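To start, the structure under review is shown below, and the notes come after it.
The values are calculated or read from the model by the stated rules, or taken from the named source; none is laboratory data. The model shown is predicted, which means the values in this text are computed figures rather than measured ones. No Cβ is skipped: glycine too gets one built from the backbone with ideal geometry, and neighbour counts run over all protein chains shown. The area values use the complete protein model at the heavy-atom level, side chains included, leaving out ligands, DNA and RNA. Shrake-Rupley method; radii C 1.70, N 1.55, O 1.52, S 1.80 Å.
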Amino acid sequence: MRHLEDGFGRRFPYLRLSITEACNFRCTYCLPNGYRKRAPHDFLSVDEIARVVRAFRSLGVHKVRLTGGEPSVRGDLIDIIAAVADAGVEKIALTTNGWTLARRVEAWAEAGLTHLNVSIDSLDQESFTAITGHDRLAEVLDGIERAMERGLHTKFNAVLLRDTQGKCFEEFADFIRFRPVSVRFIELMRTGDNADYFQAQHVRGSTLSDWLGARGWSAVARAADAGPAIEYEHPDYLGRFGLIAPYASGFCDTCNRLRVTARGKLRLCLFGEGGVDLRDLLQEDRQATALVERISGALSGKARGHDLAKGQYGDTRQLAEVGG
Ligand code: SAM
Ligand code: SF4
């Protein structure tokens, strides 16, 4: 099978596919005023998704993450998961805010979902409500329990924020003491819309690694094909902490993922500009060869790394737009 490889010898077995820009939450760092429709909702159809995923599959991609916006606002999410499974993808992951998890996780797993990341920035009900705009922590946690019972590989995503650091680390440590789940803290990223918020809330990833180091947690050796997250373990805890620190030097060296937006643009970097439009080649099955060639040809344009630390965050207004 062919592989996707860029000019720096990095391989890309992992696709993050956004299926909508819409979301029902109002996370303070992402869509603080709620989602506003700026253009018609002509997001990729199930057929278009099937074609793009088959093309990436033929290029060695074996993991696809569905994201957004909030992917579960799409009424045809089950058909989308099934289409990705039909393309022969082994790992099918979903990143969700978890609002429908308790009701839907069974059907998603039935359709082929294997991995789940649920975004929970705090285990404190008040903080959760303040961050997301929704008093739904209990429902989301209930959904997570069901997902784990169903055998889905489940992780938490939490954004590292000045207001909740420390206290939040304690809460999650208690939570994972007897649960074999990983909670991954993502360093807050600057986007076009969040200048003031970023200024007020951004703290370095080392805030977490220092906290962990002082409490006996140690970094786990990484597999050669692992992505940019660093995981930490502790002999007294079943769960793990993870850290995604895009401002750290060397972060891009292990980049293993590509993105396709909900409107069918291939994005080579979360913090890049523009993208390679694939949509005209997603209309008929007979365009498959041209599609594969356009995708693999685009890889030569992938930069060695982003320039986030120099304040260059690309043209993304908020991560809901490209899928985080
Ligand atoms: N709605 C889904 C969710 O929240 O899980 C999927 C889309 S969301 C854009 C994907 C991830 O990006 C979430 O874990 C969210 O917390 C994270 N995120 C959003 N904006 C961010 C920012 N400015 N910096 C760091 N992470 C961010
Ligand atoms: Fe919605 Fe996810 Fe953005 Fe929160 S982080 S506003 S849930 S897209």
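Scanning region 293-309 for residues that are in a helix (DSSP H, G or I), open to solvent by 20 Å² or more (accessible area, probe 1.4 Å) and farther than 11 Å from F271 by Cβ yields E293, R294, S296, G297, S300, G301. Residues in region 157-168 include none that are more than 22 Å from the chain's Cα centre (by Cα) and hydrophobic (A, V, I, L, M, F, W, C).
Which one of these does G98 not meet: (1) within 14 Å of ligand 2 (Cβ to nearest atom); (2) open to solvent by 50 Å² or more (accessible area, probe 1.4 Å); (3) at pLDDT 95 or above? Of everything listed in (1) within 14 Å of ligand 2 (Cβ to nearest atom); (2) open to solvent by 50 Å² or more (accessible area, probe 1.4 Å); (3) at pLDDT 95 or above, G98 misses just condition (2).
Residues A85, A55, A22, A93: which one is within 14 Å of ligand 1 (Cβ to nearest atom) and within 26 Å of R294 (Cα to Cα)? It would help to see each step written out before you state the result.
Numbers: A85 fails: within 14 Å of ligand 1 (Cβ to nearest atom); A55 fails: within 14 Å of ligand 1 (Cβ to nearest atom); A22 fails: within 26 Å of R294 (Cα to Cα).
After ruling out the rest, the residue left standing is A93.
As a summary of the residue check, Q318 satisfies the conditions (1) more than 28 Å from G205 (Cβ to Cβ); (2) of a type outside the set (G, A, S); (3) at pLDDT below 95 except for the one numbered (1). Among the numbered conditions (1) under 22 Å from T95 (Cα atoms); (2) at pLDDT 80 or above, the only one that D236 does not meet is (1). Hey, can you tell me all the residues within region 79-100 that are out of contact with any strand residue (DSSP E or B) (no Cβ under 7 Å at 6 or more places or on another chain) and under 15 Å from A147 (Cβ atoms)? Scanning region 79-100 gives W99, T100.
Scanning region 61-78 for residues that are open to solvent by less than 10 Å² (accessible area, probe 1.4 Å) and away from ligand 2 (no atom under 16 Å from the Cβ), we see that the one that is nearest to the chain's Cα centre (by Cα) is V64. Which residue pairs have Cβ atoms under 6 Å apart, sit 6 or more places apart or on different chains, and have a first residue in region 301-324 that is away from ligand 1 (no atom under 15 Å from the Cβ) and a second that is in a loop (DSSP other than H, G, I, E, B) and of a type in the set (D, E)? Going by the 6 Å Cβ cut-off, the qualifying pairs are K302/D6. Under 7 Å by Cβ, and 6 or more places apart or on different chains, what pairs join a residue from region 3-21 that is open to solvent by 40 Å² or more (accessible area, probe 1.4 Å) and of a type in the set (F, W, Y) with one that is at pLDDT 90 or above and part of a strand (DSSP E or B)? Matching pairs, first to second residue: none at all. For region 217-225, does any single residue satisfy the condition of being crowded, with 17+ Cβ neighbours inside 10 Å and in contact (Cβ under 8 Å) with a residue 12 or more places away in the chain? Scanning region 217-225 turns up at least one residue that is crowded, with 17+ Cβ neighbours inside 10 Å and in contact (Cβ under 8 Å) with a residue 12 or more places away in the chain. Tallying residues that are away from ligand 2 (no atom under 16 Å from the Cβ), open to solvent by less than 10 Å² (accessible area, probe 1.4 Å) and in contact with a Gly (Cβ under 6 Å, 6 or more places away or on another chain) within region 142-181 yields 2.
Counting only residues that are surrounded by 14 or more Cβ atoms within 10 Å (Cβ to Cβ) and either more than 11 Å from ligand 1 (Cβ to nearest atom) or over 17 Å from the mean Cα position of the chain (by Cα) (or both), how many does region 29-44 have? If you could, list the steps in order and put the result at the bottom.
First pass over region 29-44, keeping only residues surrounded by 14 or more Cβ atoms within 10 Å (Cβ to Cβ): 29-32, 35, 43-44.
Add one more test, that the residue is either more than 11 Å from ligand 1 (Cβ to nearest atom) or over 17 Å from the mean Cα position of the chain (by Cα) (or both), and what stays is 32, 35, 43-44.
Final tally of qualifying residues: 4.
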